[in-house]
Every structure is written in C-alpha cells, then in structure tokens.
Amino acid sequence: MNKSVIVIGGGIAGMEASAYLSAMGFNVTLFEKDEKLGGHLLNWERLFPTKRLGSEVLTFLKKGMDEKINVHTKTNITKINAENGKYFVTNHNDEIFEADALLITTGYDLFDARRKEEYGYGIYDNVITSAELETMFLSGKPIVNKQGKVPKRIGFVHCVGSRDRKVGNVYCSKVCCVTAVKQATEIREHLPDCETYCFYMDLRMYGAKFEELYNEAQEKYGVTFIRGRLSEANETIDGSLLVKVEDTLVGRPLKMTVDLLVLMVGFEPSKGTKDIAKILNLNTNSNGFIEVADEHTLTNVTNLKGVFVAGTTTSPRTITNTINDARAAAAEIACYLNLYTIQSRNN
Amino acid sequence: MELTGKQNIWKDYQKEIANDKYFYVRSCVRQNFFPGSETTFLRILKDELHKDIYEHPCHTTCTGIAYHGDVVPFDTAMTVIARQFALMTEAGYENLVPSCVTSFGLYSEVLETWHHFPEVLARVREHLRKATGREFNIPKNVAHASDVIFKFRNEIVQKAKYKLINTATGKPLKVVEHIGCHYSKMFPAKGVGGAEFPYVLIGMVEEWGGEVIDYPERRHCCGFGFRQYLVQANRGYSIGCSHKKFESMEPYEPDMIITNCPGCPMFLDKWQYAISELTGKTYGKNGQGIPVFTYEEVAGLVLGYDPWDIGLQVHQVSCEPILDKMGIKYDPATKYLGKNGKYLGVPEKPLVLKD
Amino acid sequence: MADFGYIIQEDRQINYDANDRTLFYFLKRVEPSISLCIGCGTCSATCTAGQFTQFDLHKIMLYVRRGEKVHIANEIKKCMLCGKCSLACPKGINTRNIIFQTRKFLHSNK
C-alpha cells in the first residue's frame, strides 16, 4: 500500500505540496478550515511585482490538485496522536485519519491593526488595511472613502505590526513594502488625480523586479516616498486624517491630511499555526512561527520526526517563495517516506 | 468616527481603583492655580460619597516639579516619595490618591522602578531609615484623584442638580477633554482608557450629559513642560503648544475644556489671555474665551455647588457663559467676596478677551 | 500688541497641505528623473561646493519636493556646475539640469 501524507492547511503551500506529493504517488489528504482552498490568495486581486491576477495563480494551483487528493474543507483538527511512526489526526467530527507523515501549512494571519492604537484603526472612518484596499480592488467598485468621496490623497503606512518590538513583532513581514508600492501605483491607475504617499522606514525591495516596480512607482506613477514612521493619525472635522510623521531625510516633522490611510499590515503566525503547534508540541521560534530544524539546511523539518512544514508557517514570505518551499517540502517528505539515504544527513 | 472602536480600547485599559479609605496627597501648585479644586474634591468625597479620606499634615512635595526641572535627582525623588509612603503607613492607610498628575506619574515611575529593581527599593529604604528613622509599606492601590471621581461618576450624576447640557437648546455641551501627559503617556496601563484614547474624563463628561469632541491635536501636550515655562525666553514654544491646540479645536466650537492635570488648565486658561493680547485672537463666541475647568470644578457645578465656593472667580477665561448655558443660578455680586465675606478686589480687564 | 518677553512660536512641522510645490511640478515636467531620488546623498558627498559651504543638493531636492522654499534661491547659487553630482548619482538623475532649471524657474518667477 502507498504511504500517506496528511496536509493541514489548504492555502498556497498546502495546495502546491499536495499536488507534488500526489504526483509522486503518495496518498494525500488535505484539511482546510475554510470553505474554499486558496487561503489569503482568494482575497488578493493582483500580485506584485507583475500585477498579474491572483486568480491566475490560483487556477494554476488548482490544476495541480488531481482527483486522488482527499480534500476536506470546513474542517478543524482537534487531536493528533503519534503511534509507531504513524500519525492519527482527529477532526471536529471525531473522525480519525491515519498518515505516515504530516505537513503543516497553516500559514499566517494578518496583524490586527487595532493594536497600533495611535493610528485609530477601527475608530477613524478612513483608516483601512492593505487587505481591505485589495478587497476594494477585487470588488471592481469605485474607490471611495467612508463618506462616499473619491479620495484626492492616500497615504500608505509601512511596517504596521512589523519591525515593532512594542507589539511583539521584531521581524520584517517581507511583502508589505512591495505591496504598498504595488497598491500605490494601482491607485494611480484607478484614480489618476489622486496623490499617493508611502511612509516607510526602509524600502526592502529584495525580490526579482521589486526595485524596477519601485522605480516605476516614482517615475511613471509619481508616488511620493517619505522616510519616517507615523507617530499618530487623527481624524479631522471633514473625516480626513491628519498624519504626523518625521520626514527623516529632511530632518523635520511633517504633517499632512490624507483622505484615506492604508495600513500595511504584517504577518503573524495564524491561529491555526498556533493551535497545531500546541496540539503537536511543535517548537516555535522567538517570533511565534514554527521552528525549523536548521535555518539553512533543514527548512522544512521540525523537532518531530515525520512532521514537516512549508510556507508562511515558518516565517513571512512571498507567494513565489511559498510555492518553492511547498515543492521543497514535498521533496523532503518523499525522501523521508522512501527512506532515501540522503535522509541520513538530517540526523 | 466609530465609538465602538474606542470602547474596545477602553475595555483593554481598566484599572483597579480603591473604593474607600484614601490617603490624599495634594498638589504643590493647584491650590494657587485653582484654589477651589482640591477642597471641592474633599467635599465630594466626604459629604456626598461619605468616604474615609485622610490628609497628613506632614506631607510634602513629591519633588515632581524639581525632578522634571532637572533640579532634584531620581534618588532624592524616590526617598522623598518613600517618606510619603511612610506617613501613609503610619496613618494606617493603603490607598494612595495623588491630586497632581505629575505626582501620579512620578509615583508610578518610582513603583515601577522598585518592581523591576528590588535592589533600588532596598537602597531607598536604607536612605529613608538613615535620614528619618521611618519605615514604609508599598501602597496597595494608587489612583489619581480623577480616577476616583471617574469611579463615582454615576453616584455624582444621581445627585446632580445640573447637567452638562445647554438648557436653552437642550443639546449636550461640546466638551474638549485634555489629559495631563504624565497621567498615562509613560505608563498606558496605569490610566483609565490607556494613553491614545484615555477614557477617564470622557467617562465623566458623558455620564454628566456632555458630548466629547475629538479634534486632531487632542493628544498634543499643553506645553507646560516645567523648565520650558519656567524660563521666560522659552515660553514661546510653551504657548505655541497651547496655540496649536486652540487652532485645532476651534472649528468644533467647543463650549468648554475639562482637564485632569495641575498645569494644563492653568495654561489652557491663561494662555488664552496671552494669545488674545499677542495676536488679537480669541477662541470662544463674541470675543470670549473657551472656559477651562478642572474635573473637580465640573463635578462641583454638576452637584450644584456655588461657583464662587469652588473657585471659579480666579479663572482667566470667564466661567459665566457655561453657568448660563447650564442654567446655574449665581450671584454676580458675591463673585469677588472671599470665604470670610471680605472683598477680594476685581482683576484688571484684559484688552481683548471679553467676559 | 502686548510685549510679554516672548512670542508665540510657530511649530517647525513641514505643513505639507499649505506648502506650494509649483517648483517641484515644474521640475518633474522638464526633468522627470528628479522623481528617482532616494536621498542617498552621493551627490552631496561628492559636491565641490558642499565641501566649503552649506550647499546640500539632496536636501535641496527634498525641500523642493515638500514645497519648503526657504533658502533655495540663495543655496542654488552656490553650485559651481562642475557636473560631478550627475556623474556620481546611482539613479542617473540629471542633477545638473535640475540646478539649471531651478535657476531658470526662480528667475522667471521673481
């Protein structure tokens, strides 16, 4: 009988790893808590740096999901037992599934922007998150503020919930800088008369074609970049927002009003990731993500034999890197289950 | 603006405020700035709420002004504060209630320091022992006096003679609340409602019928800043801070300002005079200013105390517009009579600012 | 007006809403590469004038962008037009033309 793998989490990493594992001949069962597979990708209209549609990537991922894969959506995991090298996974209906290996792809949640009280998210009408702007793009409806007015000026606040010791997240979420640049240029495409401002600490344009997108944002789209972190946002009498920021390159504080303020919310280990870590006793790192056995060489291996990880379950990363990581995890699991001798390096 | 968003934050910053048996420590400056405020606080606590509140005759400054003016080092401040705790311990009280926001901030800073550095606490105990022979217990509860009024805001409204309502229109008075920086900016968890959206004064205003204005420069400091005001040449940016706030609140047409700090009402009140003399500009209706009150004064008005008993005659900006709006009866003839009935004299009229 | 020995000090915030950015929009039109500045300071580090005066090109470009017109007219005169900044700029900004065009703008808008 073929060996079996249970994949927990049906986002990008879970889907792509399932596709590869099934293609390699393993029996794959995929659990997803939501109704649909695709995770956060379902909520994103266009992707950086190419601005191609997120749905195209989703279609590609779906094509990989052959009919042999047992997909269980709307499923929560309540218990996992290990016995004689096998894992027994119990779902919320008390059904038990057996597997020779587990792959955890429970991913991330977006930072809850209310925790940055000074920006007034959830209080001021026109403070929204990057995800909410993406929903606006996705809806195809005109971009208006809470008062129904077409914004004349939009500000993007980088690093909301990232690189912020005070909220407990010291790490960089890696995707927010380039997402802000992407969204600012998209605003300019939707609303050519709307000024766009990015308030950043550093612009981390590390990926292929990121820097090009940034250059284009400056030259073609006229996005203005102001280096400095907002100290606070306040609602004015007409519902716009007065933002206070140090213009660190000029060396002076700056104030301006914006009609819409977009908070670039970072990544945090998802509730699912935290729950699974607790159920399985998986080690987590200082940032709360699942700890990998070796930062350089064993990035899909956990402290438990036969339990593997992929994607944003271990750290924030792009879609490109998540897909790569999912395939790497599939290869790692195949080595483990087929007892390839290369596996001996892991011990 | 979504009120529920603020309410969610307020839920996160609830503090324990003792219910009775208070050891009250007065402010150094409030008795000069707003002489009726502290007596009004005591009157409310004793006569209305029937609480046990005690003042020790040997209580001194907490050194807050000198500490923030870089005159007194932290070790001295801690030892002086240790002595206040010793007085409290000797008097058999455990719940400290400072009148001053800066004292409250400094008490919080000292207690937090001792919590994290027990060796510092041991050293301060030694200092106090050597200097005075006294011993002390750490207070069980520290609440600013505005926290205490906040706690009993509902009891106060039940005895209210007047509400923060414009009796002519029936509409709530529009109130700007201003929180002293040292109340929660240093230790957000020690303030009711935290630091970004403090609730302590909002809770009173709303309970007593008023409506709070949230304006863009709400979180800005009044500009007192101790050494900034104390040095005449630096007053330009002290007044600049208040000026910035007035300019920002002006479009909302506030009826009054309520504060919980010794310095803020002083400066928000007196600077309106200075600004009017320097620029010709006033921020109230008909050349008047925006009346500025301490929370005790507002509580006193709500409870129907005589405005001249609670010290409103020493305000720079006249309080009469608010008394009229609230429908409070007062006798203009007794405004400048002291408690003993003796005539105090009338202050000179400003050139610009109208009564 | 009264003299109390102090004045009401204006804050030193850049008041972006109130500032006039006509010069920047003009420069963006005639020399679009100005948009590419990342404030790295290479131009200022290599600047002949900057070694001997307060002249600081990357800061001037920022002031122009923010609409802070203070000192620009005076400062811009200090440039010796040697062109080293254009040579050094990693983003390929035609800094020399920016100086020319700024002078031209200030001259015609006197």
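The values are calculated or read from the model by the stated rules, or taken from the named source; none is laboratory data. Please read all numbers here as calculations on a predicted model, not as lab measurements. Positions of Cβ are generated from backbone atoms using ideal geometry, with glycine treated the same way; all protein chains shown enter the neighbour counts. Quick note on the areas: whole protein, heavy atoms, side chains included, nothing else; ligands and nucleic acids left out. Shrake-Rupley method; radii C 1.70, N 1.55, O 1.52, S 1.80 Å.
Below 8 Å, C-alpha to C-alpha, sequence gap of six or more: please give me the relative contact order for chain B in percent.
Result for chain B is 19 percent.
Setting aside same-chain residues fewer than 8 positions from B:LYS21, which aspartates and glutamates have a Cα under 12 Å from its Cα?
Result set, ordered by chain and number: B:ASP52, B:GLU55, B:GLU94.
Pairs A:LYS51/A:LYS166; A:LYS182/A:LYS244; B:LYS163/B:LYS245; A:LYS146/C:LYS91; A:LYS74/B:LYS6; A:LYS141/B:LYS244: which exceed 29 Å Cα-Cα?
A:LYS51/A:LYS166; A:LYS146/C:LYS91; A:LYS74/B:LYS6; A:LYS141/B:LYS244
Would you grab the residues whose amide H sits under 5 Å from the one on B:ILE213? Only those 5+ places off in sequence or on another chain, please, with H modelled 1.01 Å from N.
Amide H to amide H, under 5 Å and 5 or more residues apart or across chains, B:ILE213 pairs with B:VAL175, B:VAL176, B:GLU177.
Among A:MET24, A:GLY85, A:LEU102, whose Cα lies farthest out toward the positive end of the dipole of the stretch A:1-105, if unit charges sit on the beta carbon of Lys, Arg (+1) and Asp, Glu (-1)?
Of the options given, the answer is A:MET24.
Determine the residues within the stretch B:235-252 where the difference in accessible area between the chain on its own and the full set of protein chains amounts to at least 10 Å²; count protein heavy atoms only and use a 1.4 Å probe.
B:ARG235, B:GLY236, B:TYR237, B:ILE239, B:GLY240, B:HIS243, B:LYS244, B:PRO251, B:TYR252
When the C-alpha atoms of the stretch A:113-266 are aligned to their principal axes, what extent does each axis show, in angstrom, from largest down?
37, 33, 30
Between chains B and A, what is the buried accessible area in Å², counting both sides, with a 1.4 Å probe and ligands, DNA and RNA left out, to the nearest 100?
Approximately 1500 Å², summed over both chains.
Could you calculate, for the protein assembly as shown, the ratio of the Cα radius of gyration to the Kirkwood radius, expressed as Rg to Rh?
1.04
Per residue of the stretch A:111-116, in order, report the coupling 6.51 cos²θ - 1.76 cosθ + 1.60 (Karplus, θ = phi - 60°) as ³J(HN,Hα) in whole Hz, putting x for Gly and Pro.
4, 7, 4, 4, 5, 8
How big is the antiparallel share of DSSP beta bridges in the protein assembly as shown, given as a percent to the nearest 5?
Of the beta bridges lying entirely in the protein assembly as shown, close to 40 percent run antiparallel.
At q = 0.17, 0.18 Å⁻¹, what is the base-10 log of I(q)/I(0) for the stretch B:20-145 according to the Debye formula with one equal point scatterer per Cα and no solvent? Please give it to two decimals.
-0.87, -0.97
From the residues B:VAL200, B:PHE41, B:ILE65, which one has its Cα farthest along the dipole of the protein assembly as shown in the positive direction, the dipole being from +1 and -1 charges on Cβ of Lys/Arg and Asp/Glu about the Cα centre?
Positive-most Cα among the choices belongs to B:ILE65.
Check cross-link reach from B:LYS339 to the aspartates and glutamates: straight Cα distance under 16 Å, and skip same-chain residues fewer than eight apart.
Filter leaves B:GLU38, B:ASP306, B:ASP309, B:ASP331.
Accessible area of B:LEU353, 1.4 Å probe, to the nearest 10 Å²?
10 Å²
With a/c under 1.5 counting as rounded, go ahead and sort chain B into rounded, prolate or oblate using the C-alpha gyration tensor (a ≥ b ≥ c being the square roots of the eigenvalues; past the cut-off, prolate if a/b is larger than b/c, else oblate).
It is prolate, given that a/c is not under 1.5 and a/b is the larger ratio.
Enumerate cysteines in chain B without a disulfide-compatible partner, where compatibility requires another Cys Cβ under 4.7 angstrom.
For chain B, the answer is B:CYS28, B:CYS58, B:CYS62, B:CYS100, B:CYS181, B:CYS221, B:CYS241, B:CYS319, because their Cβ atoms have no other cysteine Cβ under 4.7 Å.
Out of the stretch C:10-109, which trypsin sites (Lys or Arg not before Pro) are coil in DSSP terms and have no more than 14 other C-beta atoms within 10 Å?
The qualifying sites are C:ARG12, C:LYS77.
Would you kindly derive the ³J(HN,Hα) couplings of the stretch A:299-314 from the backbone phi angles with the Karplus curve 6.51 cos²θ - 1.76 cosθ + 1.60 (θ = phi - 60°), listing them in order in whole Hz, with x for Gly and Pro?
Result, ordered by residue: 7, 10, 9, 10, 6, 10, 5, x, 10, 10, 9, 8, x, 6, 5, 9 Hz.
Figure the gain on full extension for A:ASP275 and A:LYS152 (residue separation times 0.36 nm, minus the Cα-Cα span) and round it to one decimal in nm.
Between A:ASP275 and A:LYS152, full extension yields an extra 40.0 nm.
What is the sum of charges, Lys and Arg at +1 and Asp and Glu at -1, for the other residues whose Cβ falls under 9 Å from the Cβ of A:SER173?
Charge balance near A:SER173 sits at +1.
Counting other C-beta atoms within 10 Å, and keeping those with at most 16, which DSSP coil trypsin sites (Lys or Arg not before Pro) do you find in the stretch B:151-236?
Passing both the DSSP loop test and the Cβ count: B:LYS159, B:LYS161.
Mind checking A:246-256 for the average number of partner chain beta-carbons within 10 Å of each residue's beta-carbon?
6
Given H placed 1.01 Å from N in the peptide plane, which residues other than close sequence neighbours of B:GLY284 have an amide H under 5 Å from its amide H?
Amide H to amide H, under 5 Å and 5 or more residues apart or across chains, B:GLY284 pairs with B:GLY289, B:ILE290.
Counting only other residues whose beta carbon sits under 12 Å from that of B:GLY170, what net charge do I get with K and R as +1, D and E as -1?
Charge balance near B:GLY170 sits at +3.
So what is the relative contact order for the stretch B:20-145, in percent, with contacts set as C-alpha pairs under 8 Å and at least six apart?
32 percent
So which residues in the stretch B:185-205 end up with at least 20 square angstrom less accessible surface once the other protein chains are there, compared with the chain by itself, probe 1.4 angstrom?
Residues losing area: B:GLU196, B:PHE197.
Roughly what angle does helix B:74-91 make with the longest principal axis of chain B, taking Cα atoms, 0 to 90 degrees, to the nearest 10?
That helix lies at roughly 90 degrees to the long axis.
Report the charge-dipole magnitude of chain A in Debye, nearest 20, computed about the Cα centre from +1 at each Lys and Arg Cβ and -1 at each Asp and Glu Cβ.
So the dipole magnitude of chain A works out to roughly 240 debye.
Probe radius 1.4 Å, ligands and nucleic acids ignored: give me the carbon and sulfur share of the accessible area of chain A as a rounded percent.
For chain A, the apolar C and S fraction of the accessible surface comes to 49 percent.
Taking the inverse of the average 1/r across all pairs of different Cα atoms in chain A, what Kirkwood radius in Å do you get?
21.4 Å
Tell me, how many Å apart are the Cα centres for the stretch A:191-254 and for the stretch B:323-343?
Going from one Cα centre to the other spans 55 Å.
Nearest-5 percent of antiparallel DSSP beta bridges in the stretch B:146-334?
Counting only bridges with both partners in the stretch B:146-334, antiparallel ones make up about 10 percent.
What is the Cα radius of gyration of chain C over 2.2 N^0.38 Å, N being its residue count?
In units of the globular-protein estimate, chain C measures up at 1.21.
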